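Data first, discussion second: the structure below is written as structure tokens.
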Amino acid sequence: LDIEGAFPNAVTDRLLHNMRARRVPGVLIDFVHRMLTHRRTSLRFDDYTSGIINIDNGIGQGDPLSMALYLYYNAGILDIPRGRDEAAMAFVDDAIIFAT
């Protein structure tokens, strides 16, 4: 799957939910929460610099934790339906994987 835009579009609340669901220790979840909230940036083009822009979502690409966090973010892709009334769905970039 092409996941080029996945890191900047990862929803922080979903990541934290998935980490809790997989029993990651609370201290690590709190650390990730602090790391991914209250972030800001500005854009610079030639002689123009934008105002401050709040960043609501995303996992920082290039950060050593980014790949581990992305695995938790998409951990649902590994949840296999066990019964007739269960289904699993995962969305990555432009693709939806759905299993029943």
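The values are calculated or read from the model by the stated rules, or taken from the named source; none is laboratory data. Computed from a prediction, not measured in an experiment: that's the story for all the values here. Heavy atoms of the whole protein, side chains included, go into the accessibility calculation; ligands, DNA and RNA do not. Shrake-Rupley method; radii C 1.70, N 1.55, O 1.52, S 1.80 Å.
Among SER50, SER42, the order of accessible area from largest down is SER42, SER50, computed with a 1.4 Å probe on protein heavy atoms. Taking amide H as placed 1.01 Å from N in the peptide plane, the amide H of ILE55 sits under 5 Å from that of ARG39, ARG40, THR41, each at least 5 places away or on another chain. Counted residue by residue at 0.36 nm each, then reduced by the alpha carbon distance between them, the extension gain from ARG40 to SER66 reaches 7.6 nm.
Using helices alone, I'd like the mean residue ellipticity at 222 nm for the chain: each DSSP H run of four-plus residues gives -39500 (n - 2.57), total over residue count, nearest 500.
Dividing the helical sum by the residues of the chain leaves -9000 deg cm²/dmol.
The angle separating the long axis of helix 12-21 from the principal Cα axis of greatest extent in the chain is about 40 degrees. Considering Cα pairs under 8 angstrom that are at least six residues apart, work out the relative contact order of the chain and quote it in whole percent. Computed over the chain, the figure is 32 percent. Across the chain, Cα-Cα pairs farther apart than 24 Å form 34% of the total.
Report the gain in length on full extension from THR100 to ASP47: 0.36 nm times residue separation, minus Cα-Cα distance, nm rounded to one decimal.
13.7 nm
What's the angle, to the nearest 10 degrees (0 to 90), between helix 26-36's Cα axis and the longest principal axis of the chain? Once rounded, one gets 40 degrees.
Full extension of the chain between ARG23 and ARG84 yields a length gain of 19.3 nm, computed as 0.36 nm times the residue separation minus the alpha carbon distance.
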